[in-house]
Amino acid sequence: MYVLGIETSCDETAAAVVKDGREILSNVVSSSLKFHQKYGGVVPEIAFRLQLEAITQVADTSIKEAGVNLKKIGLVSVTSGPGLLGSLVVGISFAKATALSLGIPLLGIDHLYSHIYAGLLSAEKVLPAVALVVSGGHTSLFYLEDFDKIKLLGATLDDAGGEAFDKVAKILGLGYPGGPFVERMAQKGNPKRIKFSCSETKNPLDFSFSGIKTAVLYQVTKSPPRLRSGQASHQVTSKADIAASFQETVIDTLIKKSLLACRLKKSKNLVVGGGVTVNKRLREKFTEAAKREGLKIYFPKNKLCLDNAAMVAGLGYQLFRKGYRSSQDLNVELG
Ligand code: KG4
Ligand code: ZN
(Lines give C-alpha, C1' and ligand atoms only; values in the text may rest on other atoms or scores of the structure.)
(Ligands and ions follow the chains in the order given, each with its own letter.)
Protein backbone atom coordinates (compact mmCIF):
# COMPACT_ATOMS: atom_id res chain seq x y z
CA MET A 1 0.00 0.00 0.00
CA TYR A 2 1.27 3.47 -0.93
CA VAL A 3 0.78 6.19 1.69
CA LEU A 4 1.23 9.91 1.11
CA GLY A 5 2.56 11.58 4.27
CA ILE A 6 2.24 15.31 4.98
CA GLU A 7 4.11 17.10 7.79
CA THR A 8 3.90 20.83 8.60
CA SER A 9 4.09 20.96 12.40
CA CYS A 10 6.84 23.59 12.68
CA ASP A 11 8.93 25.33 10.01
CA GLU A 12 9.23 22.45 7.52
CA THR A 13 6.87 21.65 4.67
CA ALA A 14 7.30 17.95 3.98
CA ALA A 15 5.68 15.26 1.87
CA ALA A 16 6.69 11.64 1.32
CA VAL A 17 5.46 8.46 -0.29
CA VAL A 18 6.12 5.27 1.67
CA LYS A 19 5.24 1.73 0.60
CA ASP A 20 3.90 -0.69 3.22
CA GLY A 21 5.14 1.44 6.11
CA ARG A 22 8.81 0.68 5.40
CA GLU A 23 10.02 1.50 1.91
CA ILE A 24 10.61 5.22 1.41
CA LEU A 25 9.96 6.06 -2.25
CA SER A 26 10.30 9.82 -1.80
CA ASN A 27 10.95 12.14 1.12
CA VAL A 28 10.80 15.85 0.25
CA VAL A 29 11.49 18.50 2.90
CA SER A 30 11.38 22.23 2.27
CA SER A 31 12.50 24.34 5.20
CA SER A 32 11.83 28.03 5.86
CA LEU A 33 14.74 28.06 8.33
CA LYS A 34 16.72 30.84 6.65
CA PHE A 35 13.77 33.24 7.04
CA HIS A 36 13.72 32.66 10.82
CA GLN A 37 17.45 32.80 11.45
CA LYS A 38 17.67 36.53 12.06
CA TYR A 39 14.97 36.26 14.74
CA GLY A 40 16.81 33.44 16.55
CA GLY A 41 13.71 31.21 16.52
CA VAL A 42 10.77 30.13 14.40
CA VAL A 43 8.27 32.94 13.75
CA PRO A 44 4.89 31.17 13.41
CA GLU A 45 3.41 33.78 11.04
CA ILE A 46 6.34 33.47 8.63
CA ALA A 47 6.35 29.66 8.89
CA PHE A 48 2.72 29.11 7.95
CA ARG A 49 2.68 31.68 5.13
CA LEU A 50 5.64 29.97 3.48
CA GLN A 51 4.09 26.54 4.06
CA LEU A 52 0.94 27.74 2.33
CA GLU A 53 3.06 28.72 -0.68
CA ALA A 54 5.14 25.53 -0.69
CA ILE A 55 2.76 22.69 0.14
CA THR A 56 1.34 21.95 -3.33
CA GLN A 57 4.73 21.87 -5.00
CA VAL A 58 6.32 19.81 -2.24
CA ALA A 59 3.54 17.22 -2.46
CA ASP A 60 3.69 17.19 -6.29
CA THR A 61 7.44 16.64 -6.17
CA SER A 62 7.10 13.78 -3.69
CA ILE A 63 4.58 12.01 -5.95
CA LYS A 64 6.77 12.54 -9.03
CA GLU A 65 9.94 11.39 -7.26
CA ALA A 66 8.17 8.29 -5.97
CA GLY A 67 7.16 7.45 -9.54
CA VAL A 68 3.74 6.35 -8.35
CA ASN A 69 0.49 7.09 -10.14
CA LEU A 70 -1.72 9.26 -7.92
CA LYS A 71 -4.52 6.71 -8.29
CA LYS A 72 -2.37 4.15 -6.49
CA ILE A 73 -2.12 6.19 -3.28
CA GLY A 74 -4.31 4.43 -0.71
CA LEU A 75 -4.11 6.80 2.28
CA VAL A 76 -3.20 10.36 3.19
CA SER A 77 -1.48 10.51 6.58
CA VAL A 78 -0.92 13.93 8.13
CA THR A 79 0.56 15.38 11.31
CA SER A 80 -2.38 16.69 13.34
CA GLY A 81 -0.37 17.91 16.35
CA PRO A 82 1.28 18.96 18.53
CA GLY A 83 2.91 21.90 16.75
CA LEU A 84 2.23 25.44 15.57
CA LEU A 85 -1.46 26.10 15.01
CA GLY A 86 -1.30 27.87 11.63
CA SER A 87 1.33 25.46 10.29
CA LEU A 88 -0.70 22.40 11.26
CA VAL A 89 -3.82 23.88 9.65
CA VAL A 90 -1.96 24.19 6.32
CA GLY A 91 -0.98 20.50 6.31
CA ILE A 92 -4.33 19.22 7.58
CA SER A 93 -6.32 21.28 5.06
CA PHE A 94 -4.13 20.09 2.21
CA ALA A 95 -4.38 16.46 3.36
CA LYS A 96 -8.18 16.68 3.71
CA ALA A 97 -8.57 18.16 0.22
CA THR A 98 -6.25 15.54 -1.28
CA ALA A 99 -8.02 12.61 0.42
CA LEU A 100 -11.42 13.97 -0.58
CA SER A 101 -10.50 14.57 -4.22
CA LEU A 102 -8.85 11.14 -4.58
CA GLY A 103 -11.66 9.42 -2.67
CA ILE A 104 -9.24 7.78 -0.22
CA PRO A 105 -9.02 7.65 3.59
CA LEU A 106 -7.34 10.26 5.78
CA LEU A 107 -5.50 9.73 9.05
CA GLY A 108 -4.22 12.30 11.58
CA ILE A 109 -0.93 11.38 13.28
CA ASP A 110 0.70 12.52 16.53
CA HIS A 111 3.98 14.29 15.79
CA LEU A 112 5.87 12.74 18.71
CA TYR A 113 4.76 9.22 17.87
CA SER A 114 5.92 9.75 14.30
CA HIS A 115 9.37 10.77 15.62
CA ILE A 116 9.45 7.42 17.44
CA TYR A 117 8.43 5.59 14.26
CA ALA A 118 11.36 7.24 12.42
CA GLY A 119 13.64 4.93 14.40
CA LEU A 120 11.55 1.89 13.53
CA LEU A 121 11.11 2.45 9.79
CA SER A 122 13.73 -0.15 8.98
CA ALA A 123 13.32 -2.37 12.04
CA GLU A 124 10.69 -4.98 12.68
CA LYS A 125 9.33 -6.73 15.79
CA VAL A 126 10.86 -4.21 18.20
CA LEU A 127 7.84 -3.64 20.45
CA PRO A 128 7.36 -3.43 23.37
CA ALA A 129 9.96 -0.72 23.85
CA VAL A 130 10.79 2.42 25.77
CA ALA A 131 11.06 5.48 23.51
CA LEU A 132 12.69 8.85 24.07
CA VAL A 133 11.75 11.78 21.84
CA VAL A 134 14.05 14.76 22.17
CA SER A 135 13.38 17.62 19.78
CA GLY A 136 13.08 21.38 19.61
CA GLY A 137 9.60 21.37 21.10
CA HIS A 138 9.50 18.22 23.23
CA THR A 139 11.42 15.86 25.46
CA SER A 140 9.34 12.88 26.50
CA LEU A 141 9.72 9.26 27.52
CA PHE A 142 7.12 6.74 26.42
CA TYR A 143 6.37 3.06 26.81
CA LEU A 144 5.12 1.48 23.58
CA GLU A 145 3.27 -1.78 23.79
CA ASP A 146 2.09 -1.26 20.25
CA PHE A 147 1.75 1.63 17.79
CA ASP A 148 -1.67 2.41 19.25
CA LYS A 149 -0.82 1.59 22.87
CA ILE A 150 1.58 4.29 23.95
CA LYS A 151 1.91 5.50 27.52
CA LEU A 152 3.65 8.71 28.56
CA LEU A 153 6.19 8.02 31.33
CA GLY A 154 7.67 11.48 31.72
CA ALA A 155 8.23 14.77 29.93
CA THR A 156 10.06 18.03 30.30
CA LEU A 157 8.66 20.39 32.89
CA ASP A 158 10.15 23.44 31.16
CA ASP A 159 12.47 23.66 28.12
CA ALA A 160 12.77 20.86 25.58
CA GLY A 161 16.24 19.37 25.02
CA GLY A 162 16.61 20.95 21.57
CA GLU A 163 15.31 24.25 22.91
CA ALA A 164 18.07 24.18 25.56
CA PHE A 165 20.66 23.67 22.81
CA ASP A 166 19.11 26.60 20.89
CA LYS A 167 19.13 28.90 23.95
CA VAL A 168 22.68 27.97 24.95
CA ALA A 169 23.83 28.65 21.38
CA LYS A 170 22.24 32.08 21.64
CA ILE A 171 23.98 32.77 24.98
CA LEU A 172 27.30 31.73 23.43
CA GLY A 173 26.67 33.94 20.41
CA LEU A 174 26.43 31.01 17.99
CA GLY A 175 23.88 30.55 15.19
CA TYR A 176 20.35 29.20 14.95
CA PRO A 177 19.21 26.46 15.21
CA GLY A 178 21.68 25.98 18.03
CA GLY A 179 22.09 22.20 18.15
CA PRO A 180 24.55 21.78 15.27
CA PHE A 181 26.54 24.90 16.37
CA VAL A 182 26.84 23.72 19.97
CA GLU A 183 27.84 20.25 18.78
CA ARG A 184 30.58 21.68 16.53
CA MET A 185 31.86 23.99 19.28
CA ALA A 186 31.79 21.14 21.82
CA GLN A 187 34.15 19.08 19.69
CA LYS A 188 36.91 21.54 20.57
CA GLY A 189 36.18 21.61 24.29
CA ASN A 190 36.68 19.59 27.44
CA PRO A 191 33.34 18.09 28.57
CA LYS A 192 34.65 17.71 32.15
CA ARG A 193 35.89 21.31 32.55
CA ILE A 194 32.68 22.74 34.03
CA LYS A 195 30.41 20.86 36.43
CA PHE A 196 26.88 21.46 35.21
CA SER A 197 23.83 19.50 36.31
CA CYS A 198 20.18 19.19 35.32
CA SER A 199 17.62 19.94 38.02
CA GLU A 200 16.07 17.00 39.87
CA THR A 201 12.40 16.28 39.15
CA LYS A 202 9.78 14.75 41.45
CA ASN A 203 8.97 12.09 38.85
CA PRO A 204 12.46 10.78 38.01
CA LEU A 205 11.34 10.23 34.41
CA ASP A 206 10.49 13.91 33.91
CA PHE A 207 13.12 16.36 32.64
CA SER A 208 14.12 19.92 33.45
CA PHE A 209 16.58 21.87 31.32
CA SER A 210 15.90 25.49 32.25
CA GLY A 211 18.31 25.40 35.23
CA ILE A 212 21.29 24.26 33.20
CA LYS A 213 20.54 26.95 30.61
CA THR A 214 20.66 29.57 33.37
CA ALA A 215 23.89 28.01 34.73
CA VAL A 216 25.44 28.45 31.28
CA LEU A 217 24.33 32.10 31.29
CA TYR A 218 26.01 32.66 34.70
CA GLN A 219 29.13 30.90 33.49
CA VAL A 220 29.35 33.25 30.51
CA THR A 221 28.60 36.45 32.45
CA LYS A 222 31.05 35.67 35.25
CA SER A 223 33.80 34.84 32.74
CA PRO A 224 36.39 37.42 31.68
CA PRO A 225 35.00 40.09 29.33
CA ARG A 226 37.03 38.61 26.50
CA LEU A 227 34.76 35.56 26.56
CA ARG A 228 31.74 37.77 26.19
CA SER A 229 32.84 40.12 23.47
CA GLY A 230 36.47 39.86 22.37
CA GLN A 231 38.27 37.72 19.88
CA ALA A 232 41.18 36.61 22.11
CA SER A 233 42.41 33.12 21.40
CA HIS A 234 41.35 31.59 24.70
CA GLN A 235 37.76 32.70 24.01
CA VAL A 236 37.32 29.81 21.61
CA THR A 237 38.60 27.33 24.16
CA SER A 238 36.35 28.64 26.93
CA LYS A 239 33.23 28.71 24.79
CA ALA A 240 34.13 25.26 23.61
CA ASP A 241 34.47 24.03 27.20
CA ILE A 242 31.08 25.48 28.11
CA ALA A 243 29.47 23.93 25.02
CA ALA A 244 31.12 20.56 25.65
CA SER A 245 30.26 20.50 29.37
CA PHE A 246 26.65 21.56 28.70
CA GLN A 247 26.19 19.01 25.92
CA GLU A 248 27.70 16.21 28.01
CA THR A 249 25.42 16.92 30.97
CA VAL A 250 22.28 17.01 28.83
CA ILE A 251 23.22 13.77 27.07
CA ASP A 252 24.09 12.03 30.35
CA THR A 253 20.73 13.09 31.81
CA LEU A 254 18.84 11.80 28.77
CA ILE A 255 20.70 8.49 29.03
CA LYS A 256 20.24 8.14 32.79
CA LYS A 257 16.46 8.64 32.55
CA SER A 258 16.05 6.44 29.47
CA LEU A 259 17.91 3.58 31.16
CA LEU A 260 15.84 4.04 34.31
CA ALA A 261 12.66 3.83 32.22
CA CYS A 262 13.93 0.62 30.60
CA ARG A 263 14.67 -0.87 34.01
CA LEU A 264 11.29 0.15 35.45
CA LYS A 265 9.40 -1.20 32.44
CA LYS A 266 11.70 -4.22 32.11
CA SER A 267 12.25 -3.28 28.49
CA LYS A 268 15.17 -4.59 26.47
CA ASN A 269 14.49 -2.20 23.58
CA LEU A 270 15.10 1.53 23.50
CA VAL A 271 14.06 3.78 20.60
CA VAL A 272 15.48 7.31 20.46
CA GLY A 273 14.11 9.94 18.06
CA GLY A 274 13.67 13.68 17.40
CA GLY A 275 15.90 16.41 16.02
CA VAL A 276 18.54 16.26 18.79
CA THR A 277 19.36 12.64 17.88
CA VAL A 278 21.34 13.94 14.89
CA ASN A 279 23.99 14.71 17.53
CA LYS A 280 26.95 12.35 17.07
CA ARG A 281 28.10 12.48 20.69
CA LEU A 282 24.56 11.63 21.81
CA ARG A 283 24.46 8.63 19.47
CA GLU A 284 27.87 7.38 20.61
CA LYS A 285 27.11 7.71 24.31
CA PHE A 286 23.63 6.17 24.01
CA THR A 287 25.06 3.28 22.00
CA GLU A 288 27.78 2.61 24.61
CA ALA A 289 25.29 2.85 27.49
CA ALA A 290 22.82 0.51 25.78
CA LYS A 291 25.60 -2.02 25.21
CA ARG A 292 26.60 -1.87 28.88
CA GLU A 293 22.97 -2.44 29.93
CA GLY A 294 22.34 -5.21 27.38
CA LEU A 295 19.71 -3.16 25.54
CA LYS A 296 18.99 -2.99 21.83
CA ILE A 297 18.90 0.61 20.68
CA TYR A 298 17.20 2.04 17.60
CA PHE A 299 17.94 5.45 16.06
CA PRO A 300 16.43 7.01 12.94
CA LYS A 301 18.74 7.42 9.98
CA ASN A 302 20.24 10.92 10.10
CA LYS A 303 17.90 12.50 7.54
CA LEU A 304 14.90 11.06 9.40
CA CYS A 305 15.79 12.62 12.78
CA LEU A 306 14.53 16.09 11.91
CA ASP A 307 10.94 16.76 10.86
CA ASN A 308 9.97 14.79 7.76
CA ALA A 309 6.88 13.16 6.25
CA ALA A 310 8.28 9.64 5.73
CA MET A 311 7.80 8.94 9.43
CA VAL A 312 4.22 10.26 9.18
CA ALA A 313 3.41 8.06 6.18
CA GLY A 314 5.05 5.05 7.85
CA LEU A 315 3.17 5.33 11.13
CA GLY A 316 -0.01 6.12 9.19
CA TYR A 317 0.29 2.76 7.42
CA GLN A 318 0.72 0.86 10.71
CA LEU A 319 -2.31 2.51 12.30
CA PHE A 320 -4.44 2.20 9.15
CA ARG A 321 -3.78 -1.56 9.21
CA LYS A 322 -5.16 -1.62 12.73
CA GLY A 323 -8.36 0.05 11.51
CA TYR A 324 -7.70 3.68 12.39
CA ARG A 325 -9.19 6.41 10.14
CA SER A 326 -9.92 10.12 10.58
CA SER A 327 -12.98 11.86 9.23
CA GLN A 328 -13.09 15.09 7.25
CA ASP A 329 -13.70 16.74 10.65
CA LEU A 330 -10.05 16.12 11.56
CA ASN A 331 -8.78 19.11 13.49
CA VAL A 332 -5.54 20.34 15.00
CA GLU A 333 -4.55 18.61 18.24
CA LEU A 334 -2.32 21.05 20.04
CA GLY A 335 -1.46 18.52 22.77
O1 KG4 B 1 12.54 17.35 15.64
P2 KG4 B 1 12.90 18.71 15.17
O3 KG4 B 1 13.26 18.89 13.74
O4 KG4 B 1 11.75 19.73 15.43
C5 KG4 B 1 10.81 19.63 16.43
O6 KG4 B 1 9.85 18.82 16.31
O7 KG4 B 1 11.01 20.35 17.44
O8 KG4 B 1 14.09 19.20 16.12
C9 KG4 B 1 14.73 20.44 16.00
C10 KG4 B 1 15.70 20.59 17.18
C11 KG4 B 1 16.29 22.00 17.31
O12 KG4 B 1 16.12 22.45 18.64
C13 KG4 B 1 17.78 21.79 16.97
O14 KG4 B 1 18.64 22.70 17.64
C15 KG4 B 1 18.00 20.37 17.43
O16 KG4 B 1 16.82 19.70 17.03
N17 KG4 B 1 19.18 19.80 16.77
C18 KG4 B 1 20.28 19.37 17.45
C19 KG4 B 1 21.23 19.00 16.47
N20 KG4 B 1 20.66 19.17 15.24
C21 KG4 B 1 19.41 19.67 15.45
N22 KG4 B 1 20.55 19.32 18.77
C23 KG4 B 1 21.77 18.87 19.14
N24 KG4 B 1 22.73 18.50 18.26
C25 KG4 B 1 22.50 18.53 16.93
N26 KG4 B 1 23.44 18.18 16.07
ZN1 ZN C 1 9.65 17.30 15.32
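Using a 1.4 Å probe over the heavy atoms of the protein chains, calculate the carbon and sulfur portion of the accessible area of segment 129-299 as a whole percent.
Carbon and sulfur atoms account for 53 percent of the accessible area of segment 129-299.
Please express the Cα-Cα pair-distance distribution P(r) of the chain as a list of whole percents, one per 10 Å bin, running from 0 to the bin with the greatest distance.
Distribution as computed: 6, 26, 32, 23, 10, 3, 0 percent.
Leaving ligands and nucleic acids out of the surface, order Y117, Y2, Y218 by accessible area at 1.4 Å, largest first.
The most accessible residue leads, giving Y218, Y2, Y117.
Suppose every Lys and Arg Cβ carries +1 and every Asp and Glu Cβ carries -1, with no other charges. What dipole size does segment 129-299 come out with about its Cα centre, to the nearest 20 debye?
Using only the charged Cβ atoms, the result is roughly 540 debye.
Over 24 Å between C-alpha atoms is what I'm after, so list which of K301/K322; K149/K265; K34/K195; K151/K266 land there.
Beyond 24 Å: K301/K322; K34/K195.
Show which aspartates and glutamates lie in cross-link reach of K222 when reach means a straight Cα distance below 20 angstrom and same-chain residues fewer than eight apart are skipped.
D241
Given the chain, what percent of its DSSP beta bridges are antiparallel, to the nearest 5?
For the chain, the DSSP antiparallel bridge percentage is about 60.
Quote the relative contact order of segment 129-299 in percent (integer), defining contacts as alpha-carbon pairs under 8 Å separated by 6+ residues.
28
Taking a probe of 1.4 Å, how large is the accessible area per residue of segment 129-299, in Å²? Spell out each step's value before the answer.
Details: 7890 Å² over 171 residues.
Averaged over the residues of segment 129-299, the accessible area is 46 Å².
If each DSSP helix of 4+ residues adds -39,500 (n - 2.57) and the sum is divided by the residues in the chain, what number results at 222 nm, nearest 500 deg cm²/dmol?
Computed ellipticity for the chain at 222 nm equals -14000 deg cm²/dmol.
Which distance in Å, rounded to a whole number, links the C-alpha centroids of segment 51-104 and segment 138-211?
Result: 31 Å between the Cα centres.
The values are calculated or read from the model by the stated rules, or taken from the named source; none is laboratory data. Nothing here was measured: the structure is a model prediction, and the numbers come from that model. Cβ: placed from backbone, ideal geometry, glycine included. Neighbour counts: every protein chain shown. For the accessible areas, the whole protein counts, side chains as well, though only heavy atoms, and no ligand, DNA or RNA atoms are used. Shrake-Rupley method; radii C 1.70, N 1.55, O 1.52, S 1.80 Å.
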